[in-house]
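**Q** Encoded as structure tokens, here's the structure I'll be asking about.
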Amino acid sequence: MTEQNAAAPLGRVHSCQSMGAVDGPGLRYVVFLQGCPLRCAYCHNPDTWAFEGGGEATVEELLQRIRRCAPYIKKGGGVTVTGGEPLVQSEFVAALFAALRAEGFHTALDTAGAGDAAGARRVLAHTSLVLADLKFTTEEEYRRCAGGSLAHTLAFLDLAREMGVPLWLRHVVVPGLTDGAQHAARFAALCRRYENLQRVELLPFRKLCLEKYRAMGLPFPLEETPEAGPEHLRRLQEALGELAVPIS
């Protein structure tokens with residue numbers, strides 16, 4: 001093993017999807033990384049929380065898998081790294097994105113911004129598009145419903161703006177939690193801060209994850225909350241105008 005290979009970062013990978021169609025533009029190879037510091041009330045992937053889960057992979061091992069899909073994903077698509085929270089493995093993601101960009105792949109970072117600023121800057125230097133989860137509009141809601149910080153998330157979004165990285169925001173619309181008039185007004189005001197923002201994807205709350213929680217012996221905090229319908233998205237669509245893109 002060479003000294004360079006010995007120093008190369010390892011990633012802890014939960015799984016990969018070779019033909020993703022909802023994680024950025026076009027057809028995409030999607031890498032799900034393991035480990036997340038947040039505990040969002042509506043999280044669909046509790047199996048990605050544990051930092052010791054998944055399996056180890058090198059950048060080159062992932063590149064070999066991704067190259068097989070190049071004929072399908074290079075035309076209008078690319079590679080998306082998601083989680084878990086990819087910024088907790090910032091060294092690995094930065095190395096992977098740098099290698100991908102060198103080979104002509106479009107790179108998308110799907111993140112909640114839950115990582116340190118230095119690591120985020122290294123990743124964003126090689127990122128073609130940020131897909132950012134802006135979960136709530138107050139610090140109290142972030143702490144109570146996600147175990148995170150609105151200020152920390154906004155600091156990440158400010159960094160993406162500073163570095164000129166195109167931005168898509170994603171927002172889960174939960175009846176009784178993120179569908180009210182005041183929430184919609186606050187959310188739209190936050191969105192207007194970012195001139196690099198290209199679109200806002202509104203994701204209706206679903207409970208397809210219930211069986212996964214039960215199999216893991218975990219309570220699902222929003223089990224009694226109804227799923228979101230078009231009426232729950234209405235206020236946000238009106239507040240956001242043409243930026244809003246409802247996702248079924």
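The values are calculated or read from the model by the stated rules, or taken from the named source; none is laboratory data. If you're wondering where the values come from, they're calculated on a predicted model, not measured in any experiment. FYI the Cβ positions are ideal-geometry reconstructions off the backbone, even for glycines, and counts take in every protein chain you see. Note: areas computed on protein heavy atoms with side chains; ligands, DNA, RNA excluded. Shrake-Rupley method; radii C 1.70, N 1.55, O 1.52, S 1.80 Å.
**Q** For L159, what charge total do you get from the other residues with a beta carbon under 12 Å from its beta carbon, if Lys and Arg give +1 and Asp and Glu give -1?
**A** 0
**Q** Here's something else I'd like to know. Within the range 83-148, list the GluC sites (Glu not before Pro) lying in a DSSP loop whose Cβ has at most 15 other Cβ atoms in a 10 Å radius.
**A** Sites meeting the loop and neighbour criteria: E103.
**Q** Something else: Where in the chain is the longest stretch that carries no trypsin sites (Lys or Arg not before Pro) classed as loop by DSSP and with at most 12 other Cβ atoms within 10 Å?
**A** The answer is 76-191.
**Q** Expressed as a whole number of Å, what is the distance separating the alpha-carbon centroids of the range 66-80 and the range 20-60?
**A** Computed from Cα coordinates, the inter-centre distance equals 18 Å.
**Q** If R0 is 22 Å, what FRET efficiency do you get for E139 and S15 from their C-beta distance, rounded to 0.05?
**A** Numbers: r = 33 Å, r/R0 = 1.49.
Efficiency, rounded to the nearest 0.05: 0.10.
**Q** From the phi angles alone, apply the Karplus equation (6.51, -1.76, 1.60; θ = phi - 60°) to the range 74-80 and give each ³J(HN,Hα) in whole Hz, x where the residue is Gly or Pro.
**A** Residue by residue, the range 74-80 yields 6, 8, x, x, x, 10, 10 Hz.
**Q** Specify the inter-centroid distance of the range 99-143 and the range 203-233, based on alpha-carbon positions, in whole Å.
**A** So the two Cα centres are separated by 25 Å.
**Q** Can you work out the Karplus-derived ³J(HN,Hα) for every residue in the range 173-190? Use 6.51 cos²θ - 1.76 cosθ + 1.60 with θ = phi - 60°, whole Hz, and x for glycine or proline.
**A** Per-residue couplings from phi come out as 9, 10, x, x, 10, 10, 10, x, 5, 5, 4, 4, 5, 5, 5, 4, 5, 5 Hz.
**Q** Considering only the other residues whose Cβ falls under 12 Å of the Cβ of P46, what net charge follows from Lys and Arg at +1 and Asp and Glu at -1?
**A** Net of charged neighbours comes to +1.
**Q** I would also like to ask the following. In what sequence, largest accessible area first, do H126, H183, H232 appear using a 1.4 Å probe?
**A** H126, H232, H183
**Q** Tell me which aspartates and glutamates have Cα within less than 15 Å of K207's Cα, excluding those fewer than 8 residues away on the same chain?
**A** Of all the aspartates and glutamates, those that pass the test against K207 - Cα under 15 Å, at least 8 places apart if same chain - are E223, E224, E227.
**Q** Need one number: nm distance between label points at A185 and A8, each 7 Å from Cα along Cα→Cβ, rounded to one decimal.
**A** In this crude spin-label approximation the distance works out to 5.4 nm.
**Q** To continue, here is another question. Could you give the nm distance between label points at A125 and H152, where each point is 7 Å from its Cα heading toward the beta carbon?
**A** My value for the distance between the label points is 2.4 nm.
**Q** I would also like to ask the following. Enumerate the aspartates and glutamates that K75 could reach by cross-link, defined here as Cα to Cα under 16 Å, with residues fewer than 8 away along the same chain left out.
**A** K75 reaches D23, E103.
**Q** Hey, another quick one. Once phi is turned into θ = phi - 60°, what whole-Hz ³J(HN,Hα) does the Karplus curve with 6.51, -1.76 and 1.60 give for every residue of the range 227-242, x standing for Gly and Pro?
**A** 5, 7, x, x, 5, 7, 8, 4, 5, 5, 4, 5, 6, 8, x, 5
**Q** Once the Cβ-Cβ distance between E224 and V22 is put in as r, and R0 is 25 Å, what FRET efficiency do you end up with, to the nearest 0.05?
**A** That gives a FRET efficiency of 0.40.
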